[in-house]
Amino acid sequence: MPKFRYMFTFGEDTIKEPVIYLVGKHFDVVTNIRRAQIEQDHAWAVLEIEGADDEIERALTYARGLGVQVNLMEGDVITG
């Protein structure tokens, strides 16, 4: 199964929502938080998302629909 890394950026409207949990619950993907920073009014998380290409795309579309900014991470952000 393909595995990709994405940066999820949460604003004030989405920081308190369980977006990562919901992505894993509603879609056939596995999420792995590789790095994150959470502040009072914003946050970001680097996620590994593993699954079929169509399920990953559906999960990302869902997160974007909730107001999360989603960007593909290229290169070796974190090894291991």
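The values are calculated or read from the model by the stated rules, or taken from the named source; none is laboratory data. Since the structure is predicted, the reported quantities are computational estimates derived from the model, not experimental observations. So basically every Cβ, Gly included, is an ideal-geometry build from the backbone, and we count neighbours across all protein chains shown.
Does G80 meet the test of being surrounded by fewer than 16 Cβ atoms within 10 Å (Cβ to Cβ) and either aromatic (F, W, Y) or at pLDDT below 95 (or both)?
Details: surrounded by fewer than 16 Cβ atoms within 10 Å (Cβ to Cβ): yes; either aromatic (F, W, Y) or at pLDDT below 95 (or both): yes.
Yes; evaluated as a whole, the condition is true for this residue.
For every residue, the table says whether it meets (1) touching a residue at least 40 places away in the same chain (Cβ under 8 Å); (2) outside any strand (DSSP E or B); (3) hydroxyl-bearing (S, T, Y).
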| site | (1), (2), (3) |
| --- | --- |
| F4 | yes, no, no |
| T9 | yes, no, yes |
| E17 | yes, yes, no |
| G24 | no, yes, no |
| N32 | no, no, no |
| Q37 | no, no, no |
| L47 | yes, no, no |
| G67 | yes, yes, no |
| N71 | yes, no, no |
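Would you be able to tell me the number of residues in the range 49-65 that are touching a helix residue (DSSP H, G or I) at 6+ places or on another chain (Cβ under 9 Å) and touching a residue at least 40 places away in the same chain (Cβ under 8 Å)?
To start, the set of residues in the range 49-65 that are touching a helix residue (DSSP H, G or I) at 6+ places or on another chain (Cβ under 9 Å) comprises 49-51, 58-60, 62-63.
From the residues that got through so far, the ones that are touching a residue at least 40 places away in the same chain (Cβ under 8 Å) too are 49-51, 60, 62-63.
Residues that pass the stated criteria total 6.
Anything in the range 1-53 that is among the β-branched types (V, I, T) and touching a Gly at 6+ places or on another chain (Cβ under 6 Å)? List them, or say none.
Going residue by residue through the range 1-53, those that are among the β-branched types (V, I, T) are 9, 14-15, 19-20, 23, 29-31, 33, 38, 46, 49.
Residues satisfying the conditions are T14, V29, T31.
The residue that is farthest from I49 (Cα to Cα), counting only those in the range 8-18 that are touching a strand residue (DSSP E or B) at 6+ places or on another chain (Cβ under 7 Å) and surrounded by fewer than 18 Cβ atoms within 10 Å (Cβ to Cβ), is I15. Restricting the range 21-56 to residues that are under 16 Å from P2 (Cβ atoms) and of a type in the set (S, T, N, Q), which is surrounded by the fewest Cβ atoms within 10 Å (Cβ to Cβ)? Filtering the range 21-56 for residues that are under 16 Å from P2 (Cβ atoms) and of a type in the set (S, T, N, Q), the one surrounded by the fewest Cβ atoms within 10 Å (Cβ to Cβ) comes out as N32.
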